[in-house]
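Reviewing the structure listed below.
The values are calculated or read from the model by the stated rules, or taken from the named source; none is laboratory data. Quick caveat, the model's predicted, so the values are computed rather than measured. Backbone-built Cβ (ideal geometry, glycine too); neighbour counts: all protein chains shown.
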Amino acid sequence: MTINATLINILHICHRELWLHAHAIRMEHTSDIVAEGKLLGETSYPQRADKNQELEISAEIFTDKGFVTCTAKIDFFDAIRGVVYETKKSAAKELAHVAQVQFYLYLLRKNNVTAHYGQIEYPKLRQTERVELNEEDEKKIESSILKVIEIISLETCPPTLPKSKCSKCSYFDFCWSGEE
Ligand code: SF4
């Protein structure tokens, strides 16, 4: 089983979405919101690719359940300054964004790559958020890895969230099409 940054992100949004995504039931391609977010990430900082590198990393993490392979693809990493950049559309899922960037920092450090901090940028809001990773955060990441394994190993899909939390989710029709 391989755990990636997307799974860590979704863990902090909805366990049902996590299970569906991990079981290859994908709806992102049907979502205008997802497409808009992707475009924003690709076009907001046109110079960024000149100064930063795209990086694919992985590490074998020892957990209570033995070794787990963890992987991530970082779009923009400034290897000279040791900074990870991540662009997001809205701050509504801030906890998930922070967990994703901390996972990047965690894997970089596991590979003995200098990674001082991350920076989440919300160009539409003209805001940035600095993301640190301390020892306590590392333990939380290791717990999140185990939690992801626990959820995606379930035989059946977890229940829905309250509908009020689902309006912008690409799985909305999948989860709620039978409802009035
Ligand atoms: S629609 Fe709601 S319950 Fe279904 S996956 Fe999305 S957030 Fe989760």
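Structure summary
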item	result
1 or more residues in contact with a Pro (Cβ under 7 Å, 6 or more places away or on another chain): qualifying strands (runs of 3 or more DSSP E) within the stretch 45-109	83-87
Subset of the stretch 20-59 (residues that are among the hydrophobic types (A, V, I, L, M, F, W, C) and either farther than 16 Å from Thr6 by Cα or modelled with pLDDT of 85 or more (or both))	Leu20, Ala22, Ala24, Ile25, Ile33, Leu39, Leu40, Ala49, Leu55, Ile57, Ala59
Scope the stretch 152-180; condition more than 12 Å from the ligand (Cβ to nearest atom) and surrounded by 17 or more Cβ atoms within 10 Å (Cβ to Cβ); matching residues	Ile152
Matching entry among Phe103, Phe62, Phe76, Phe67 (being aromatic (Phe, Trp, Tyr) and over 25 Å from Met1 (Cα atoms))	Phe76
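Table: residues versus (1) free of Cβ contacts under 8 Å to residues at least 12 places away in the same chain; (2) closer than 24 Å to Glu56 by Cβ; (3) aromatic (Phe, Trp, Tyr).
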{"position": "Val113", "(1), (2), (3)": "no, yes, no"}
{"position": "His116", "(1), (2), (3)": "no, yes, no"}
{"position": "Lys124", "(1), (2), (3)": "no, no, no"}
{"position": "Asn134", "(1), (2), (3)": "yes, no, no"}
{"position": "Ile145", "(1), (2), (3)": "no, yes, no"}
{"position": "Val148", "(1), (2), (3)": "no, yes, no"}
{"position": "Lys163", "(1), (2), (3)": "no, no, no"}
